[in-house]
Amino acid sequence: MSQLRIAVLNAAHRDENTTRNFRRELDASLSEFDATEGEVPDDFDYDGAVVTGSRSSVYWDEEWMQRTKEWVGEAIDRDIPFLGVCWGHQLLADVLGGTVADMGAYEVGYSEIDQLEGSDSRLLENISDSFTAFTSHSDEVVELPPGAEPLAANDYSNHGFRKDRVFGVQFHPEYDPKTARELVERKDLSDDRRQSVLEEITDENYQKACEAKLVFDNFLEFVREVQTGGISAEAEQDASASVGCSD
């Protein structure tokens, strides 16, 4: 079977950890574009697309961001499957008509996240109902796009949604300990909080969080099903309409 062609829109402002992490977790042929430099694909000849995290906020008025949103919007209209992570999750929600805002707090460190009862857990398949993942965000999707289904949440915010072929997760399933430590070190935190979060970055917590990496395998399997005709747009819509209706 030929490898899937996946466009990776990297919005991490040249953070080398992001490139390493997504190349490790996505078993596909990746074409990476530096979104913050205004790079987007020239065409839509991809099986799927991924949007990474970022130090920016989705609601900032920046030229590169508008260019990214325009390409993403057209790609979604062409039924290309998408996965957004953290900022990517927020950007996809924004493009689809949702609302992103500052949540007035900063969630950082290994967090417990719950799958929502009755949700279509296609992206979170084989992940525990309550799972651990690394988080780092001060913005949140406060209003999901029309017709979107919430998949996961905790006391801070929504942590996952799906609309048709578009999936987003607020947490960071791709993070390794090196990435987590470097992020915490550069954040504007009190000394006590920084030390507390750094002490959480242990091999034990990382191993717990590795379960969340299944979102990448699940997304790629979904893309394969779309490409092979194993799932149609109509079937997806019918499945979403029936969620929560059975015993």
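Odds and ends about this structure:
- Carbon/sulfur fraction of accessible area - region 5-226, other protein chains in place, 1.4 Å, %: 39 percent
- At R0 = 30 Å, FRET efficiency that the Cβ-Cβ distance of R55 and S29 yields, to 0.05: 0.65
- Computed from backbone phi with θ = phi - 60° and the Karplus coefficients 6.51, -1.76 and 1.60, the 3J(HN,Hα) list for region 70-75 is 5, 5, 4, x, 5, 5 Hz; x is used for glycine and proline.
- Sequence ranges 148-155, 171-178, ranked by mean other-Cβ count within 10 angstrom, highest first: 171-178, 148-155
- Extension gain, E16-S130: 0.36 nm per intervening residue step, less the Cα-Cα distance, totals 38.0 nm.
- Projecting label points 7 angstrom from Cα along Cα→Cβ for D79 and Q207 puts them 4.4 nm apart.
- Among beta bridges that DSSP assigns inside the chain, antiparallel share in %, nearest 5: 55 percent
- Cα→Cβ-extended label distance, 7 Å offset, between D45 and E63, nm: 2.8 nm
- Remark: the chain carries 46 Å² of accessible area per residue (probe radius 1.4 Å; ligands, DNA and RNA excluded).
The values are calculated or read from the model by the stated rules, or taken from the named source; none is laboratory data. Not measured: the values here are computed from a predicted model. Reconstructed Cβ throughout: ideal geometry from the backbone, glycine too, with neighbour counts over all protein chains shown. Remember, those area values only see protein heavy atoms, side chains included, never the ligands or the DNA or RNA. Shrake-Rupley method; radii C 1.70, N 1.55, O 1.52, S 1.80 Å.
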